[in-house]
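Just below is one structure, and these are the notes that go with it.
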Protein chains: 2
Amino acid sequence: MNNTRFATIIHILTLLAKYPDQWLSSEWIAESIKINPVIVRKELSVLHKQGWVMSKKGKDGGSMLSQSSCEISMADIFNAVKNSNVLGKKNTCDDTNCPIGKEINIELEKLFNETDDIVIHALEKKSLKSFVDQFK
Amino acid sequence: MNNTRFATIIHILTLLAKYPDQWLSSEWIAESIKINPVIVRKELSVLHKQGWVMSKKGKDGGSMLSQSSCEISMADIFNAVKNSNVLGKKNTCDDTNCPIGKEINIELEKLFNETDDIVIHALEKKSLKSFVDQFK
DNA sequence: ATTAACTGTAATTAAACTTATTACAGTTAT
DNA sequence: ATAACTGTAATAAGTTTAATTACAGTTAAT
């Protein structure tokens, strides 16, 4: 996770939650985040697949939250963008002659998964709503 | 943290712990991990700065643990290689006109730091020794 | 004292990943 | 008909990561 996807999605969802019942365009959202509108549309498509957002095409179109922000947890959001373990990547040493090298990825896998789970459990306790409510 | 540095350093330390009182060469270590020896030497230099490892130059030289593996925690190791937040990077939206965009990085910073702290506290409970003892 | 086998580090290249941009087909309101 | 959108593919540019090359310095053994 050495990218901005979590921050970007949180930003999008915060805007949608702060301006409910309004169709926000990807261009307008992109200006707030200072990123390219195409990136916003790509992330909106992820949010769409999660069932969190609905969109309206055509003129005066845009996106809107389709689920209450208290039903979306930070863990849900993290899982939607997570593309690696918190502790990083493993080397490909499984085919080495070394007895440690042969086995270490099995042990690292356990440690990496445990660590991911700790993060996810902590994030399950935080809702999008409580994040959004911090803004006046 | 979308790199192999944590895995690499764990691997190095595990070998050093499994073969105590022996000078292991960077080339030998690199063969076990299946990475380039120069990368091993770079990480050894990090371990050296932490005071965990000592090295002997010249022929029959190599590296050796200089601290007991029960005194090194996974949190120490994580902190030594950590170069980003667990939840990733932030966008640079601070200078936007949008009131949310202006403030969001402050709130994200809090959330990102809290999440990092959770990982670190969990890893503080795990020692290098308990990891290494898993190997026969 | 010469050689072989190391460390330590800088500089460069190559590969992988991330973000931005261009392009365009399709949709909808006016 | 047109303007303002979505959705998505394709490509380019930028950034990060890992590998490689190179070499000066150290040490052990002959």
What relative contact order, as a whole-number percentage, does segment B:29-124 give when Cα pairs under 8 Å and 6 or more residues apart are counted? 21
Exam field: A:Cys70 pseudo-label spacings to other copies (7 Å along Cα-Cβ), nanometres: 5.0
Value of Rg/Rh across chain A [Cα atoms, Kirkwood radius]: 1.12
Using only the Cα atoms of the protein assembly as shown, build the gyration tensor, take square roots of its eigenvalues as a ≥ b ≥ c, and label the shape rounded, prolate or oblate: rounded if a/c is under 1.5, else prolate if a/b is larger than b/c, else oblate. prolate
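Which value, in square angstrom to the nearest 100, describes the accessible area buried between chains A and B on both sides, using a 1.4 angstrom probe? Don't jump to the answer; show the numbers that get you there.
Values: alone 8810 and 8820 Å², together 13190 Å².
Approximately 4400 Å², summed over both chains.
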Can you work out the Karplus-derived ³J(HN,Hα) for every residue in segment B:66-81? Use 6.51 cos²θ - 1.76 cosθ + 1.60 with θ = phi - 60°, whole Hz, and x for glycine or proline. 10, 9, 5, 5, 7, 8, 9, 9, 4, 5, 4, 5, 4, 4, 5, 10
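To the nearest 0.05, how large is the calculated FRET efficiency for B:Lys56 and B:Asp133 if R₀ is 25 Å and r is the Cβ-Cβ distance?
On the way: r = 26 Å, r/R0 = 1.06.
After rounding to 0.05, the efficiency reads 0.40.
Only sites in a loop by DSSP and with at most 14 other Cβ atoms within 10 Å count here; which trypsin sites (Lys or Arg not before Pro) in segment B:13-110 make the cut? Walk me through the intermediate numbers first.
Numbers: sites: B:Lys18, B:Lys34, B:Arg41, B:Lys42, B:Lys49, B:Lys56, B:Lys57, B:Lys59, B:Lys82, B:Lys89, B:Lys90, B:Lys102, B:Lys110; in loops: B:Lys34, B:Lys57, B:Lys59, B:Lys82, B:Lys89, B:Lys90.
Taking segment B:13-110 and a limit of 14 other Cβ atoms within 10 Å, the loop trypsin sites (Lys or Arg not before Pro) found are B:Lys57, B:Lys59.
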Could you give me the ³J(HN,Hα) list for segment A:38-55, computed from phi with Karplus coefficients 6.51, -1.76, 1.60 and θ = phi - 60°, whole Hz, x at Gly and Pro? 5, 5, 4, 5, 5, 5, 4, 5, 5, 5, 4, 5, 6, x, 8, 9, 10, 10
Net charge dipole size for segment A:25-118 [Lys, Arg +1 and Asp, Glu -1 on Cβ; Debye, nearest 20]: 580
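State in Å² the accessible area per residue of the protein assembly as shown; use a 1.4 Å probe, count heavy atoms of protein chains only, and round to the nearest integer.
48
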How well do other chains shield peptide A:89-97, expressed as the mean number of their Cβ atoms within 10 Å of each residue Cβ? 5
Axis carrying A to B; for chain A the Cβ-nearest residue and its rounded Å distance come to A:Asn2, 2
Modelling each spin label as a point 7 Å along the Cα-to-Cβ direction, I'd like the B:Glu71/A:Met64 distance in nm, to one decimal. 6.4
Candidates per GluC sites (Glu not before Pro) in segment B:25-80, loop by DSSP, up to 14 other Cβ within 10 Å: B:Glu71
Under the 7 Å Cα-to-Cβ spin-label approximation, A:Asn2 and B:Glu124 lie apart by a distance in nanometres of 2.7
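The values are calculated or read from the model by the stated rules, or taken from the named source; none is laboratory data. Here the structure is a predicted model, which means the values were calculated and not measured. Because the Cβ atoms are built from the backbone with ideal geometry, glycine has one as well, and the counts that use them run over all protein chains shown. Calculation scope for accessible area: heavy atoms of the full protein, side chains included, ligands and nucleic acids excluded. Shrake-Rupley method; radii C 1.70, N 1.55, O 1.52, S 1.80 Å.
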